[in-house]
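> Quick one: structure below, then a few questions.
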Amino acid sequence: QVPLVESGGGLVQPGGSLRLSCAASRPIYRVTWHRQTPDNAREFVATIANDGITNCADSVQGRFTIHRDNAKNTAYLQMNSLKAEDTDVYYCGADFAGSGDFWWGQGTQVTVTS
């Protein structure tokens, strides 16, 4: 059983917004979001450390924000001003507290189209 579950993907028009969630079954440290294009290239999107320090890719800077709710073992990717080129499968990955292992979730599809 994968201990990370993404949700919140869907179909949205250009300029619209979506919020992706990454829910873990136990406490997590660093969380990262990547997206995978149809040619299987995986691109870094954003990351958030356990202390809340964030970093976003230049391609999404100013449009996407990452934040977390440690009480819920959940991280979020708020995506605003979406563009067609943001269409991808989005994956979250996390380092798990205690065990130190890293997991990827199963991915969630984001489609931006008019």
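> Select from the range 56-73 the residues that are touching a residue at least 24 places away in the same chain (Cβ under 8 Å) and within 17 Å of ASP95 (Cα to Cα) and write down the one among them that is least open to solvent (accessible area, probe 1.4 Å).
ILE66
> Across the range 81-99, which residue is surrounded by the fewest Cβ atoms within 10 Å (Cβ to Cβ) among those that are under 14 Å from PRO38 (Cα atoms) and of a type in the set (Ser, Thr, Tyr)?
Residue satisfying both the conditions and the ranking: THR87.
> Got a sec? Which of TYR29, TYR76 is of a type outside the set (A, V, I, L, M) and open to solvent by 70 Å² or more (accessible area, probe 1.4 Å)?
Values: TYR76 fails: open to solvent by 70 Å² or more (accessible area, probe 1.4 Å).
Criteria check complete, one pass: TYR29.
> Within the range 105-114, work out how many residues are closer than 14 Å to SER25 by Cβ and crowded, with 16+ Cβ neighbours inside 10 Å.
Residues flagged as closer than 14 Å to SER25 by Cβ and crowded, with 16+ Cβ neighbours inside 10 Å within the range 105-114 amount to 1.
> What are the residues in the range 32-55 that are open to solvent by less than 20 Å² (accessible area, probe 1.4 Å) and either among the hydrophobic types (A, V, I, L, M, F, W, C) or in contact with a helix residue (DSSP H, G or I) (Cβ under 7 Å, 6 or more places away or on another chain) (or both), if any? Quick ask: steps written out before the conclusion?
Going residue by residue through the range 32-55, those that are open to solvent by less than 20 Å² (accessible area, probe 1.4 Å) are 32-33, 35, 45-46, 48.
Listed by number, the residues that qualify are TRP33, VAL45, ALA46, ILE48.
> Turning to a different aspect of this structure: For PHE102, indicate whether it is crowded, with 20+ Cβ neighbours inside 10 Å and either among the acidic types (Asp, Glu) or without any contact (Cβ under 8 Å) to a residue 40 or more places away in the chain (or both).
no
The values are calculated or read from the model by the stated rules, or taken from the named source; none is laboratory data. This is a predicted model, so every value here is computed, not measured. Note that we place each Cβ from the backbone using ideal geometry, even for glycine, and neighbour counts take in every protein chain shown. To get the accessible areas, we keep the full protein, side chains included, count just its heavy atoms, and leave off ligands, DNA and RNA. Shrake-Rupley method; radii C 1.70, N 1.55, O 1.52, S 1.80 Å.
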